[in-house]
Every structure is written in structure tokens, then in C-alpha cells.
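Heads up: the structure comes next, in C-alpha cells.
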Amino acid sequence: LLDGADIAELQVQDLRRQIGLVPQLPVLRHASIAENIAFGLDHPDPEAIARAAQQAQAAGFIARLPEGMATIIGDDGVQLSGGQR
């Protein structure tokens, strides 16, 4: 059952819209923190990137890095701790 409905009676596309995946390991590129936050955006907005960092409660540690948002984090974020990733 999904929300009380038999999944056998649901359309596959409707069922798929109800499922999400949150991987336990973050996918980070060898790029700046800002570029990783804005990954996939054609025209990233610096204010939106800053808001996202704030909402993720990451703005504090990012501000303490030598280059802030411009800090390159290395492949898979090797320059960051597990919690920071």
C-alpha cells in the first residue's frame, strides 16, 4: 500500500512520482563550493547559492575557509570533513 492505495492499481508513472532517493554519500566535484552548490544550474545566482548554504547550515564553516565559497574542495570533497560534505 502507498497512502492506503494498492500499488498494483496505480499507474507506474504516478508511483514513480511518489518515490525519491537520497544517497548517503554526497556527489561532489573537484570544483569550488559555490560551483558544487549550483551544480546543474545554467545561470547560478550568487544570492541563491548563499541562501542554500545558509539553509544547509553550512554558511558558518564556509565563511571560515581561506577562500570562502571559492574554496576548491577536491574530488568527492576530500578537503572537507564528513559532516561538512
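Considering each residue of the stretch 64-85, count those that are part of a helix (DSSP H, G or I) and either at pLDDT below 95 or open to solvent by 80 Å² or more (accessible area, probe 1.4 Å) (or both), and give that number.
4
Would you check if Ala53 is at pLDDT 95 or above, hydrophobic (A, V, I, L, M, F, W, C) and over 16 Å from the mean Cα position of the chain (by Cα)?
So Ala53 fails the test.
The values are calculated or read from the model by the stated rules, or taken from the named source; none is laboratory data. What you see is a predicted model, and the numbers here were worked out from it, not measured in a lab. SASA here: full protein model, heavy atoms, side chains in, ligands and nucleic acids out. Shrake-Rupley method; radii C 1.70, N 1.55, O 1.52, S 1.80 Å.
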